[in-house]
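Some notes on the structure that comes next.
The values are calculated or read from the model by the stated rules, or taken from the named source; none is laboratory data. Bear in mind the structure is a predicted one, so any value in this text is a computation, not a measurement. As a convention, Cβ positions derive from the backbone with ideal geometry for all residues, glycine included, and neighbour counts pool all protein chains shown. Remember, those area values only see protein heavy atoms, side chains included, never the ligands or the DNA or RNA. Shrake-Rupley method; radii C 1.70, N 1.55, O 1.52, S 1.80 Å.
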Amino acid sequence: MQEVIDEHSGKFEPREERGQKSSSLVLVSETTTGYRVDPPASSGAVFSLIRQGIAQTRRDISRFTSLAPSTVSLRVEALIDEGLIEEAEREGSTGGRQPRVLRVRGEAGTVASAALGARHFTLALADMVGRPIDVTEVPIDVASGPTVIVDKIWSSVEAALARCGLAPSSLRGIALGVPAPVDSRLGTVSSSAQLPGWDHLDLYALLRGHTPTPAVIENDANLLAMAEHRLAGPAVENMLAVKVGGRIGSGIIAGGHLYTGASGAAGEISHSATDGVSFIHCSCGTENCLESVASGSAIIARLRGEGFDITTTADLIALSSAGTPAAIEALRDSGKRVGEVLAEVVNFLNPNLVVFGGSLSAADAFVAAVRGTVFQRCLPIVTAGLEVKVGLAGPDAEAQGGINLILERILTPEAIDRAIAQSRQAVA
Ligand SMILES: [Zn+2]
């Protein structure tokens with residue numbers, strides 16, 4: 001992890017190493033007897049145990065860390081003094097000598113996440129345990145350019161904080177999701193057909209013009225993967241989240257962590273070559289790439305060519321829900337093409353789970369065709385434990401994934417230890 005101390009706030013800047021595992025579980029290893037934290041466990045490591053629900057009491061911490069009870073108390077008191085955790089009676093407790101439970105204080109701060117689409121961004125505020133506080137959808141004109149859009153995102157964050165009665169200083173971090181490959185280490189957008197004028201844009205610097213709060217910038221399909229992975233649970237260590245809407249993208253969870261690749265382009269299946277026919281132009285240079293053949297935009301262009309007056313994926317879904325044979329056939333053809341490309345990826349990655357998000361995931365004909373093609377084309381050893389289904393995170397999945405990601409970055413054991421050290425220095 002590259003660490004940059006920001007000159008404005010002195011806060012830790014979580015710009016991520018390329019392809020690095022992103023987890024706060026770094027100090028914890030699973031053993032045959034449970035979890036152990038390599039000694040000496042710091043307050044930050046203790047916080048991680050509490051945050052992940054591994055340790056709920058002081059006795060649990062002692063057991064997992066081998067720290068003496070007196071040292072556990074020092075660690076816990078430091079976290080309580082910092083306002084990060086609280087100790088309370090166990091819920092439903094009827095007295096007796098029940099140990100008090102430790103939990104992260106949601107009110108310790110607020111995080112914001114904005115997930116950018118073609119026509120709007122979804123802005124979510126959440127507390128420090130990821131509980132949603134506020135979700136809004138803000139319309140944008142992509143043609144207005146990145147400066148205007150980032151201005152709009154920031155003013156919307158300020159407005160949402162004010163609306164919820166939260167002080168601007170309560171903001172601990174912000175995540176931005178964009179429909180483009182992102183080098184999350186640098187916070188730059190690589191290229192995007194959906195965001196004209198954003199190629200090689202230093203989005204991180206643009207956001208820095210508004211706030212010194214820690215920030216992460218990530219591809220939208222990767223954020224979908226973060227949200228769905230949280231819902232799938234830690235037992236699912238290898239999964240693929242496929243976002244299918246106007247464009248197509250995927251995010252990879254490998255070994256329990258988001259895998260972004262050398263330059264942030266891991267999972268970019270949208271421009272893989274297919275045997276299909278292009279319905280829209282794509283500037284990627286690959287003839288009949290998946291996006292030009294099978295994306296929502298391609299299906300809309302195909303149906304418009306057949307005389308249907310539709311312009312958005314919502315129109316397309318409405319057409320298929322009404323049972324229009326041409327729409328269902330187009331979605332089925334598209335699903336087969338997506339399934340062919342995914343089958344290669346699934347054979348290669350051997351995930352436990354493939355989930356779909358984005359507007360086309362609401363089309364049964366599309367999802368059934370993808371699933372059928374993947375199971376038909378993949379090796380039996382790969383499909384034996386494979387589940388392919390629509391995701392659970394819903395329409396705000398990317399914004400929720402951004403919340404999960406920024407919390408993971410700002411609540412690492414190292415960041416917690418640094419915050420405590422800074423508070424002590426300020427007092428001294
Ligand atoms: Zn392309």
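Give me the one-decimal nm value for the distance between modelled label points at residue 62 and residue 87, 7 Å along each residue's Cα-to-Cβ direction.
With each label point 7 Å from Cα toward Cβ, the separation is 1.2 nm.
Can you tell me the FRET efficiency between residue 107 and residue 326 if r is taken as the Cβ-Cβ distance and R0 is 45 Å, rounded to the nearest 0.05? If you can, show how the numbers build up before the last one.
Details: r = 53 Å, r/R0 = 1.18.
That pair, residue 107 with residue 326, gives E of 0.25.
Rounded if a/c is under 1.5, else prolate if a/b is larger than b/c, else oblate: which is the stretch 237-367, with a ≥ b ≥ c the root eigenvalues of its Cα gyration tensor? Mind dumping the intermediate values first?
Working: a/c = 2.26, a/b = 1.62, b/c = 1.39.
It comes out prolate by the Cα gyration axes.
How long is the gain from residue 144 to residue 98 if the chain were fully straight, where each residue apart is worth 0.36 nm and the alpha carbon distance is subtracted?
Values: separation 46, 0.36 × 46 = 16.56 nm, distance 5.90 nm.
Between residue 144 and residue 98, full extension yields an extra 10.7 nm.
Please give the residues of the stretch 254-284, grouped as numeric ranges, whose backbone N is less than 15 Å from a label point set 7 Å along the Cα-to-Cβ vector of residue 347.
273-275
Enumerate the calculated ³J(HN,Hα) couplings along the stretch 281-292 in order (Karplus 6.51 cos²θ - 1.76 cosθ + 1.60, θ = phi - 60°), each rounded to whole Hz, writing x wherever the residue is Gly or Pro.
7, 10, 8, 5, x, 8, 5, 6, 5, 4, 5, 6
Please work out the FRET efficiency for the pair residue 137 and residue 74, using the Cβ-Cβ distance as r and a Förster radius of 51 Å; give the result to the nearest 0.05.
0.65
Rounded to the nearest 5, what % of the DSSP beta bridges within the stretch 228-355 are antiparallel ones?
Working: 10 of 13 bridges.
Antiparallel bridges: around 75 percent, rounded to the nearest 5.
Which whole-number percent gives the relative contact order of the stretch 267-363, counting Cα pairs below 8 Å spaced six or more residues apart?
On the way: 98 pairs, mean separation 24.2, N = 97.
Taking the mean separation of contacting Cα pairs over the length of the stretch 267-363, I get 25 percent.
Calculate how many DSSP beta bridges within the chain are antiparallel, expressed in % of all such bridges and rounded to the nearest 5.
Working: 37 of 57 bridges.
In the chain, approximately 65 percent of DSSP beta bridges are antiparallel ones.
Classify the chain from the C-alpha gyration tensor, please: rounded if a/c falls under 1.5, else prolate or oblate depending on whether a/b exceeds b/c. All intermediate terms of the calculation are to be shown ahead of the outcome.
Details: a/c = 2.17, a/b = 1.63, b/c = 1.33.
Note, shape of the chain comes out prolate.
Excluding ligands, DNA and RNA, what is the solvent-accessible area per residue of the chain at a probe of 1.4 Å, expressed in Å²? Each step should come with its number before you reach the end.
On the way: 18680 Å² over 428 residues.
Roughly 44 Å² per residue, with all protein chains present.
Towards the positive end of the charge dipole of the chain, with charges on Cβ (+1 Lys, Arg; -1 Asp, Glu), say which of 125, 385, 214 has the farthest Cα.
Going by the charge dipole, the pick is 385.
For the stretch 218-235, what does the Karplus curve 6.51 cos²θ - 1.76 cosθ + 1.60, with θ = phi - 60°, yield as ³J(HN,Hα) per residue in whole Hz, taken in order and with x for Gly and Pro?
Working through the residues one at a time gives 8, 5, 5, 5, 5, 5, 4, 4, 4, 5, 6, 5, 4, 6, 6, x, x, 5 Hz.
Putting +1 on Lys and Arg Cβ atoms and -1 on Asp and Glu Cβ atoms, find which of 146, 190, 366 reaches farthest to the positive end of the dipole of the chain.
Comparing the listed Cα positions along the dipole, 366 ranks first.
So, with a 1.4 angstrom probe, what is the percent of accessible area on the chain that is carbon and sulfur?
Carbon and sulfur together cover 52 percent of it.
What's the FRET efficiency of residue 379 with residue 309 using the Cβ-Cβ distance as r and R₀ = 35 Å, to the nearest 0.05? Present the calculation step by step, with values, prior to reporting the outcome.
Values: r = 44 Å, r/R0 = 1.24.
For R0 = 35 Å, the calculated efficiency reads 0.20.
Which of rounded, prolate, oblate describes the stretch 303-423, given a ≥ b ≥ c as roots of the alpha-carbon gyration tensor eigenvalues and a/c under 1.5 marking rounded, otherwise prolate only if a/b is larger than b/c? Each step should come with its number before you reach the end.
Values: a/c = 3.79, a/b = 1.66, b/c = 2.28.
Oblate shape, in that a/c is at least 1.5 and b/c is the bigger or equal ratio.
Just 89, 291, 398 to compare: in a GNM of the chain, with alpha carbon springs under 10 Å, which one fluctuates most?
The residue with the greatest mean-square fluctuation here is 89.
Rounding to the nearest 10 and keeping the result within 0 to 90°, find how far the Cα-based axis of helix 413-427 lies from the longest principal axis of the chain.
50 degrees
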